[in-house]
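Student: Let me begin by handing over the structure; questions about it come next.
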Amino acid sequence: MARLAGRSTGAAPRSIDVARLAGVSQKTVSRVMNGEQYVSEDVRRRVLEAAETLGYRLNHAARALASGRTRSIGVVTLGTALYGPASLLMGLERAVRDTGYTLRVVNTVEGDASGIAGAVDSLLDQGVDGIVISEPIDEEGDADVAIRSDVPFLVLGAPPPFTARRVVTSGLVAHRLARAVTEHLLDLGHPTVHHLGGPRRWYAARDRREGWRATLAAHERREPPVLVGDWSAASGYRAGLELAEDDDVTAVFAANDDMAIGLIRALLETGRRVPQDISVVGLDDIPVAAYVTPPLTTVRQPFDATAQDGLRRLVHAIENPDAEPMPVNDPPVSLVVRSSTAPPPNRTARPDPATPLDGVRVFAGAAPAARATPAPRRTAV
């Protein structure tokens, strides 16, 4: 939309200017710009168009002085370049732009004695209005910590690692993702599914393992011993060398795409064909997953949806301290079927018209860095 000419004084536009152009009251402009409900879509559209035309922006500094808030949200996250945690942090950064808040990020280091508690203390000292805990690992002792603060907390993808007065959660879907890929392999006719899991201290690894295990139990299938990797392609490669020696293996669910890619490389090098001999699925749908050989079947992580829903609920808790928590919106599970999965040798898949040979199958709601690494451990869990 082209900007209207007119304001010759050069002064910054005010909310009253937006109200005049949109033909509404100044209070209505305030409601729209603050994202409040009970405003019709037509009025909301007119106000936003008027604000864009005039170049109007909220004066967050003035709002902070008036409300006693800093309009900032702290984030505690593990300092890692791994795809999952990094993508979730990027999702938070994108989602926060529409809230009128800024992010203050504190990275933790695995094994740091102060852990989450030290990071939370640092953010509280900065006067943040709310805190996001995007910490994917279990730091020993954190569960015994009680946070004495009225600041609300949002915990992403894990159970709350401490006790606090106000805590909301989002992104607890790892077991559903694992269920989708495990059922896909069973639907193809595989008698069971082997699992290459992530490190035991990671919540995501535990939840994916439990989703796999529960699905096998629900279908009365044998549960093979679990291999444990460290999320890297190198650990997946080592697991593949071990699995290639077992002629009974026809399907493997790797807890992330990097390990699945390394696993496939090992299988191919040892003469085991993918998917003709062994089907392999991953989890995350990293950008390269569609371009490896064979293209990897995986399940797409809803990072942006998790961040948006979580921040929406956290901002509601900040601005409505006495209100009930907003309901959680569980994102659908998107299974991306590519060429790394097929029926087992000498078997025919059971018909499943909902799943194309290649494509995305969506389950709504609750429905169904290279370095030397130690060899994955095969352990019964």
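Nothing in this text is a laboratory measurement; each read-out follows from the coordinates by a stated rule. Note that this is a predicted model, so its numbers are computed, not measured. Cβ atoms come from the backbone with ideal geometry, glycine included; neighbour counts cover every protein chain shown.
Student: Counting Lys and Arg as +1 and Asp and Glu as -1, each charge on the Cβ, what is the dipole of the range 15-58 about the Cα centre in debye, to the nearest 20?
Tutor: Using Cβ point charges on Lys, Arg, Asp and Glu, the range 15-58 gives about 100 debye.
Student: Moving on to the next point. So what is the orientation-averaged projected area of the range 15-58, using the convex hull of its C-alpha atoms, in nm²?
Tutor: Average projection, Cα convex hull of the range 15-58: 2.5 nm².
Student: I've got another one for you. With the dipole of the range 189-342 worked out from charges on the C-beta (+1 for Lys and Arg, -1 for Asp and Glu) around the Cα centre, which of Gly262, Thr215, Gln308 lies farthest toward the positive end?
Tutor: Gly262
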